[in-house]
Ligand code: GUN
């Protein structure tokens, strides 16, 4: 393998060091940033993500509470919890872990979260601001991807970035960030999805390829050009009886074949994952600064 490994753990640590200074400044004013997470039901992956978010808060000495609700919680009950947190001045950030059980309307729930506490950046007001080029909270995974690219010197400016996946959490907001007239934007962007014809004709044109399809081996070595920079957003559980837990994690990219041709590539785990979490910490600190009048 000749590709440079893009180390998300290392970049996340650099960002944590920057955040510690801002947290110190808040603490000197008697403010501890508070992220409150709501988890509905017992989805195993969601439980892991929520506990990672809590640990990340603890590592930075942020206050974090997890509200665990049963899977049969009603829409109205969930709304009541969020409205209470909206009113509570000690809570700076509110995150409702997705996916929610199917009887709950997620879009409606997102709209209940106060936009100034929406540290996921999912509220339509925050999505609209992002599209308009006046962002407040940047969605965590897209912001993390852009930090990885820019901190490694792979600025998207003028590049053809091909995104595979059009989710509200990754593909759509990332495309919007990358086309902004900003130093970390100015890219030409193609968004591919399940109805795209001749996917590999498009992926082969990518200077920067971002895989966010949610399916292992969506991108293989024959689908990329030599020298491409590859960001793998996928986190897929693949059954594996040789592992004690019964599965291992794989990205959306076939690492072995793609890393033979890429100039740089993120590993899974240790690439985008740590970045998503640290960007959530950054948004929580920003929320605390805004709500305490510090910025
Ligand atoms: N589920 C998967 N990714 C995310 C995320 O970034 N935020 C929330 N709230 N739920 C998720």
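The values are calculated or read from the model by the stated rules, or taken from the named source; none is laboratory data. Being a predicted model, the structure only gives us computed values, none of them experimental. Cβ placement follows ideal geometry from the backbone for every residue including glycine, while neighbour counts extend to all protein chains displayed.
Data table
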item: Unique match (being closer than 30 Å to residue 33 by Cβ, at pLDDT 95 or above and surrounded by fewer than 24 Cβ atoms within 10 Å (Cβ to Cβ)) among 268, 278; result: 268
item: Within the range 149-169, tally of residues that are within 16 Å of the ligand (Cβ to nearest atom), in contact with a strand residue (DSSP E or B) (Cβ under 8 Å, 6 or more places away or on another chain) and touching a residue at least 40 places away in the same chain (Cβ under 8 Å); result: 1
item: Residues within the range 26-43 that are more than 13 Å from the ligand (Cβ to nearest atom) and either part of a strand (DSSP E or B) or closer than 22 Å to residue 273 by Cβ (or both), tallied; result: 3
item: Test for residue 96: is it touching a residue at least 60 places away in the same chain (Cβ under 8 Å), within 13 Å of the ligand (Cβ to nearest atom) and under 26 Å from residue 170 (Cα atoms); result: no
item: Hits in the range 230-254 - residues which are more than 18 Å from residue 204 (Cβ to Cβ) and within 24 Å of the chain's Cα centre (by Cα); result: 233, 234, 235, 236, 237, 238, 247, 248, 249, 250, 251
item: Tabulated pairs, the range 133-144, first farther than 16 Å from residue 209 by Cα and modelled with pLDDT of 95 or more, second part of a loop (DSSP other than H, G, I, E, B) and more than 10 Å from the ligand (Cβ to nearest atom), C-beta under 6 angstrom, 6+ apart or interchain; result: 133/180
item: Filter pass, residue 119 being within 15 Å of the ligand (Cβ to nearest atom), closer than 26 Å to residue 248 by Cα and modelled with pLDDT of 95 or more; result: no
item: Conditions (1) surrounded by fewer than 17 Cβ atoms within 10 Å (Cβ to Cβ); (2) within 13 Å of the ligand (Cβ to nearest atom); (3) more than 18 Å from the chain's Cα centre (by Cα); number of the one not met by residue 20; result: (2)
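Residues are listed down the side, and each one gets a yes or a no for (1) part of a loop (DSSP other than H, G, I, E, B); (2) in contact with a strand residue (DSSP E or B) (Cβ under 7 Å, 6 or more places away or on another chain); (3) closer than 22 Å to residue 279 by Cβ; (4) in contact (Cβ under 8 Å) with a residue 12 or more places away in the chain:
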position: 23; (1), (2), (3), (4): no, no, yes, yes
position: 46; (1), (2), (3), (4): no, yes, yes, yes
position: 50; (1), (2), (3), (4): no, yes, yes, yes
position: 56; (1), (2), (3), (4): no, no, yes, yes
position: 77; (1), (2), (3), (4): no, no, no, no
